[in-house]
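Worksheet: one structure, shown below.
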Amino acid sequence: MLATTDLWFRYQDEPVLKGLTLDFSRHAVTGLVGANGCGKSTLFMNLSGLLRPQRGAVLWQGEALNYSKRGLLALRQQVATVFQDPDQQIFYTDIDSDIAFSLRNLGVAEEEIARRVDEALTLVDAQGFRQQPIVSQPWAEKTGGDRRGAGAAGALPAA
């Protein structure tokens, strides 16, 4: 479903990804661990189309990733990214609107959006966010777990 083949990426003269070949199976949960600065975030930005490899390829459904607007839309309807720092992906002051953001951009019907938002909040055990809008407490004062849960909930409905 999603793979890399001989993937290379560098920042200026510093190679970060060097000939990386990976295969992510459909419906599998894959964890990636490594030291700070080893390229984990760079890999995920390449996988999601936010960055393009300088050599090699990202494969989506067996084909080289199509970086056109339509190609990236097809990828993002199936693959979601949860950023390491949840503050980088929260756009709205209430959790429902934030989770619905990507679905609205994909043109999903409002009834389906409501269903997926509810399902996402249930999956990450964040239903309590509905009773307290994000703005009711400064975002920085929420626990890291609450912020990561909101970020994960935001990625689930699009995947």
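If I ask for residues that are in a loop (DSSP other than H, G, I, E, B) and touching a strand residue (DSSP E or B) at 6+ places or on another chain (Cβ under 9 Å), which ones from segment 33-47 would you list?
Gly37, Cys38, Gly39
May I ask you to say which residue of Ser102, Ser68, Ser25 is polar (S, T, N, Q) and under 17 Å from Ala155 (Cα atoms)?
Of Ser102, Ser68, Ser25, the one residue that is polar (S, T, N, Q) and under 17 Å from Ala155 (Cα atoms) is Ser102.
Has segment 101-109 got any residue that is assigned to a helix (DSSP H, G or I), surrounded by 15 or more Cβ atoms within 10 Å (Cβ to Cβ), in the same structural domain as Gly149 (by TED's automatic domain parsing) and among the hydroxyl-bearing types (Ser, Thr, Tyr)?
Looking for residues that are assigned to a helix (DSSP H, G or I), surrounded by 15 or more Cβ atoms within 10 Å (Cβ to Cβ), in the same structural domain as Gly149 (by TED's automatic domain parsing) and among the hydroxyl-bearing types (Ser, Thr, Tyr), one finds at least one in segment 101-109, hence yes.
Give the residue, chosen from Val16, Val29, that is outside the structural domain of Gly145 (by TED's automatic domain parsing) and over 16 Å from the mean Cα position of the chain (by Cα).
Exactly one of Val16, Val29 is outside the structural domain of Gly145 (by TED's automatic domain parsing) and over 16 Å from the mean Cα position of the chain (by Cα), namely Val16.
If I filter segment 53-66 for residues that are in the same structural domain as Gly151 (by TED's automatic domain parsing), acidic (Asp, Glu) and out of contact with any Gly (no Cβ under 6 Å at 6 or more places or on another chain), do I get at least one hit?
No.
For Thr5, only one of the following conditions fails: (1) free of Cβ contacts under 8 Å to residues at least 24 places away in the same chain; (2) surrounded by fewer than 18 Cβ atoms within 10 Å (Cβ to Cβ). What is its number?
Failed condition: (1).
Name the single residue, out of those in segment 56-88 being closer than 18 Å to Leu32 by Cβ and assigned to a loop (DSSP other than H, G, I, E, B), that is modelled with the highest pLDDT.
Only one residue tops the list, namely Val79.
Kindly indicate which of Gly31, Gly71, Gly39 is on the phi < 0 side of the Ramachandran plot, among the small types (Gly, Ala, Ser) and surrounded by 12 or more Cβ atoms within 10 Å (Cβ to Cβ).
From the options Gly31, Gly71, Gly39, the qualifying one is Gly71.
The values are calculated or read from the model by the stated rules, or taken from the named source; none is laboratory data. Note that the structure is a prediction, hence the values are computed from the model and not measured. A quick note on method: Cβ atoms are made from the backbone with ideal geometry, for glycine too, and the neighbour counts reach across all protein chains shown.
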